[in-house]
Structure formats: C-alpha cells, structure tokens
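Visitor: Below is the structure I would like to discuss, written out as structure tokens.
The values are calculated or read from the model by the stated rules, or taken from the named source; none is laboratory data. Just so it is clear, the structure is predicted and the values come from calculations on it, not from any experiment. Quick reminder, even Gly has a Cβ in these numbers, built from the backbone with ideal geometry, and neighbours come from all protein chains shown.
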Amino acid sequence: MTRVAQTTILATGSALALMTGALGDHAHAEGKLDASYTISFARIRVGDISASGVFGESEYAISARGRAGGIMKVLVDGEASFATHGTIKDGYPVPTTFTSKIVSDAETSGVTMVLDEGSVKELAATVPPPKSDRVPVTQTIVKVSSIH
C-alpha cells in the first residue's frame, strides 16, 4: 500500500474517531454533524476528507470518505470510506455494523463486520488478487507466522 493511501486511511479513520469523540461521555440529544477537511503537506493539497454523523435517541450512524487529490492524484489515485451504525444504550454508542472500502491503484479491498454487544459476530473481507510479483498469503503461511 502506498504512503498516500496509508495517509488517506489514517486521516479518514481519525475523522471517524473525532466524530465518535464528539459524542462525549454520553450521547444525549439528536443531531447531525457534517465536516469536510483538506489534507495538505507544506501547503500543497494532497487530499480531502468528508465525514458525517447522525445521532438519534436510540440509533446513530457515522460515515467518512477520504480521497487523494490535488498534485498527488498525478502520482497515485486512492480513496477510502468507512461507515458504522449502531444503537445508543445507556447513553453510550454501541456499534452493530462497520464497513470499510479502500481503493488504491486499481486495487479494491473491504471489510464488513456485524457486531453484537461489542463482539464481532460476522466478518467478511475482500482483498485484491495477488500480483505476479507478490507471494499470496495462504493458511500455511499464516500458521507458520503465528508460531513466532
């Protein structure tokens, strides 16, 4: 994964974390929050992030999307999106679903989770097919790696 894609993912995740943090210690009221950010290095635009949160009495939804842009788009084209939905229980957000999608250099990967009381009940991940210059990850490699 390229440095720009990693930066986009980190920035998008940070926006999600900030929006979740906006709930504070407790979720008290209904409302909506929309935020847009420009990512820049040395005053040169390299990407954008937009995030949205909708909070109700008993449910919430948060989503964020980040994209490499500006001068960086010449070198790499990347995009990431994240979304979570859940309920408000005893004043605290409890996620029920989480999805992410990352598109970079014509590769797409994604994760979908279904949660129940904070535990992952279902997990699905899609990864790009291995390139000819890479070694595909197999169950054997994973088992050998986990022995260390």
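Visitor: I'm trying to understand the selection: among the residues of region 62-93, which are farther than 17 Å from T112 by Cβ, modelled with pLDDT of 85 or more and among the small types (G, A, S)?
Guide: Answer for region 62-93, where residues must be farther than 17 Å from T112 by Cβ, modelled with pLDDT of 85 or more and among the small types (G, A, S): just G66.
Visitor: Further question on the same structure: Counting only residues that are part of a strand (DSSP E or B) and aliphatic (A, V, I, L, M), which one in region 115-134 is nearest to K89 (Cα to Cα)?
Guide: L115
Visitor: Here is a further query. If you go through region 86-118, how many residues are more than 13 Å from the chain's Cα centre (by Cα) and under 27 Å from G31 (Cα atoms)?
Guide: Here the count works out to 16.
Visitor: Under the condition of being modelled with pLDDT of 55 or more and under 16 Å from H85 (Cα atoms), which residue from region 14-33 is surrounded by the fewest Cβ atoms within 10 Å (Cβ to Cβ)?
Guide: Checking each candidate, the answer is K32.
Visitor: Is there a residue being out of contact with any helix residue (DSSP H, G or I) (no Cβ under 8 Å at 6 or more places or on another chain), at pLDDT 65 or above, closer than 30 Å to K121 by Cα and of a type in the set (V, I, T) anywhere in region 47-61?
Guide: Yes: region 47-61 contains one or more residues that are out of contact with any helix residue (DSSP H, G or I) (no Cβ under 8 Å at 6 or more places or on another chain), at pLDDT 65 or above, closer than 30 Å to K121 by Cα and of a type in the set (V, I, T).
Visitor: Kindly indicate the residue of region 80-95 that is among the hydroxyl-bearing types (S, T, Y) and crowded, with 17+ Cβ neighbours inside 10 Å and also farthest from D48 (Cα to Cα) among those meeting that condition. Before the answer, list the steps.
Guide: Start the filter on region 80-95 by keeping residues that are among the hydroxyl-bearing types (S, T, Y), which leaves 81, 84, 87, 92.
If we keep only those that are crowded, with 17+ Cβ neighbours inside 10 Å as well, we get 81, 84.
On the way: S81: 12, T84: 20 Å.
It comes out as T84.
Visitor: Let me confirm something: among V127, V135, V114, V142, which residue is modelled with pLDDT of 90 or more, over 17 Å from A64 (Cβ atoms) and among the hydrophobic types (A, V, I, L, M, F, W, C)?
Guide: Sole residue among the options that is modelled with pLDDT of 90 or more, over 17 Å from A64 (Cβ atoms) and among the hydrophobic types (A, V, I, L, M, F, W, C): V114.
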